[in-house]
1. Kindly indicate whether residue 48 is in contact with a Ser or Thr (Cβ under 8 Å, 6 or more places away or on another chain) and touching a residue at least 40 places away in the same chain (Cβ under 8 Å).
2. What number of residues within the range 84-141 satisfy the criterion of being of a type in the set (Ser, Thr, Tyr) and touching a Gly at 6+ places or on another chain (Cβ under 9 Å)?
3. Tell me yes or no: at least one residue of the range 116-139 is part of a strand (DSSP E or B), touching a residue at least 40 places away in the same chain (Cβ under 8 Å) and over 21 Å from residue 18 (Cβ atoms).
4. Quick one: in the range 1-45, of everything that is among the hydroxyl-bearing types (Ser, Thr, Tyr) and in a helix (DSSP H, G or I), which residue is surrounded by the most Cβ atoms within 10 Å (Cβ to Cβ)?
Amino acid sequence: MDNIKVVATNRKAYHEYFIEEQYEAGIVLSGTEIKAVRAAQVSLREGYVMARDGELWLMGVHIAPYEQAGVRQAGDPTQPRKLLMHRREINKLLGIVQEKGFTIVPLRIYLRNRRAKVEIALVKGKKQYDKRAVIAKRDAERRIERESKDY
């Protein structure tokens, strides 16, 4: 039975991109970083995934320095962090990203059976009119819901 605790969510990604496929990956963290993740001191707002030497790296994700750790233990909060996935999944993602203009962004970080995991997604950017259409549709649904309650 999986025990999942969501630590951080990238709500901006749902607004900025069309989400095509989602994957789960492990993250390589130091001892103080995992403690900060467990304390939910994480921001995914500027995060993205980059390929380097056939490996996936999580870039731009801010994991705050753990308060109880010493000054020497505090590293760069936005340093690149290696993602752990099966080779065939990495190759599939890299092939799609190179040929079709997709990108990979983190959607959420969570703890699953006390291990930090990141949910990454293959995404395609939305145009401004797509964002407006989504907002208009959501507003229309809210208005219909409100009026049906009054009725």
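Throughout, read-outs are computed from the coordinates displayed, never taken from laboratory work. This one's a predicted model, so the numbers in the text were calculated from it and none came from an experiment. Every residue, glycine as well, gets a Cβ built from its backbone with ideal geometry; the counts of neighbours run over all protein chains shown.
1. Working: in contact with a Ser or Thr (Cβ under 8 Å, 6 or more places away or on another chain): yes; touching a residue at least 40 places away in the same chain (Cβ under 8 Å): yes.
The answer is yes for residue 48.
2. First, the residues of the range 84-141 that are of a type in the set (Ser, Thr, Tyr): 103, 110, 129.
Next, only the ones that are touching a Gly at 6+ places or on another chain (Cβ under 9 Å) stay: 103.
Going through the range 84-141 one residue at a time, the tally reaches 1.
3. So far as the range 116-139 goes, yes, one or more of its residues are part of a strand (DSSP E or B), touching a residue at least 40 places away in the same chain (Cβ under 8 Å) and over 21 Å from residue 18 (Cβ atoms).
4. Our first condition is that a residue be among the hydroxyl-bearing types (Ser, Thr, Tyr); within the range 1-45, this holds for 9, 14, 17, 23, 30, 32, 43.
Filter once more, so that each one left must be in a helix (DSSP H, G or I): 14, 32.
Working: 14: 15, 32: 18.
Filtering first and then ranking leaves 32.
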